[in-house]
1. Could you tell me what % of all Cα pairs in the stretch 211-277 have separations over 19 Å?
2. Can you give the percent of C-alpha pairs in the stretch 135-183 whose distance is more than 15 Å?
3. Please list 146-156, 244-254, 132-142 highest first by mean number of surrounding beta-carbon atoms within 10 Å per residue.
4. Multiplying the sequence separation of Lys210 and Gln70 by 0.36 nm and subtracting their Cα-Cα distance, what value in nm do you get?
5. Ranked highest first by average number of other Cβ atoms within 10 Å, how do 182-195, 74-87 line up?
6. Along the Cα→Cβ direction, 7 angstrom out, place labels at Glu77 and Glu244. What is the inter-label distance in nm?
7. Full extension from Glu264 to Glu52: what is 0.36 nm times the residue separation minus their Cα-Cα distance, to one decimal in nm?
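What follows is calculated from the coordinates using simple rules that are stated; it is not laboratory data. Source: prediction; values computed, not measured. Heads up, the Cβs are rebuilt from the backbone with ideal geometry, glycines too, and the neighbour counts pull from every protein chain shown.
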Amino acid sequence: MIQKTLSAGGKVMPFQYITRVAAGLLVLLFFSSCTVEKPVAVVDDPRSRQLEKENIEKENTVVDDSRIRQIEKENAELTCKLAEQKRLSKKLQQRLLTRHKETDTCRQANEKLIKELSQSKAELATRGSKLEAATLIAEATAVISTVEQKPLNKSQKIVRERALENLKESKQELANGNYENAAYLSREAMAQAKSIDIGEDSSTADMPEKEIFFLTPLQMKLFTAGNLRKGPSIKAGVKKVLQEGRSVTVVGHKQDWVKVKLAETDETGWIHLSLLY
């Protein structure tokens, strides 16, 4: 049958047939090549590897730079905080030193005040003893002077001489600063002088009421502000007010009133004994 066909068509028919078959095969091969995965050939390119390595290094460098900047920022913040802490610590130390200095100054001032108070008390006691001794000496001198103006017998003269001797010793003790001894001797002298019986007309009993003058002026100060009066009485007029600590010269006394003289003006007046030391 084939032979007939071939013979009937001549040479043209077999060629067309072969062409069609070949075209079909080509189409089949084409579709087959599209569906089958071809293996990818990996080409080892040094330049590509170098580029890839450089890219990785760049990425790492960017990360490292960012971390470094973050660390530097944190370090700067910590440095600022440390500097602030040091400044605050120095300020606190300076304040502590200032407080210590103030405390030490207060302590020294307190010790000085205590010392001055002790000295003032001692001086006050000393001045009081000195004034008492000087007052007793003045009284004894006045009593003995009154006795000397009267006629005395032999025994009375002996007592008077003893009184004069005690009075002399009391003045010496006063000059030496032995106020207790001076007061004791002056009391003895005054008692001896008063023991002399010179008659009823004697005025020795009235002597303590009279104004007594000191042979040796006594320097004293006002314990507090006080009035300088015209006489030895609270009713006497006030001449002026003397301030605390004012120095005055004691020239005499009458009972509890002291006669003083102001060094600046030589003005005299009376101040109560309780205001002086």
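1. 18 percent
2. Cα-Cα pairs of the stretch 135-183 separated by over 15 Å account for 46 percent.
3. Top to bottom by mean Cβ count within 10 Å: 132-142, 244-254, 146-156.
4. Here the segment from Lys210 to Gln70 would lengthen by 40.0 nm.
5. So the peptides 182-195, 74-87, ranked by packing, come out 182-195, 74-87.
6. Spacing of the two 7 Å Cα→Cβ label points: 6.3 nm.
7. 65.1 nm
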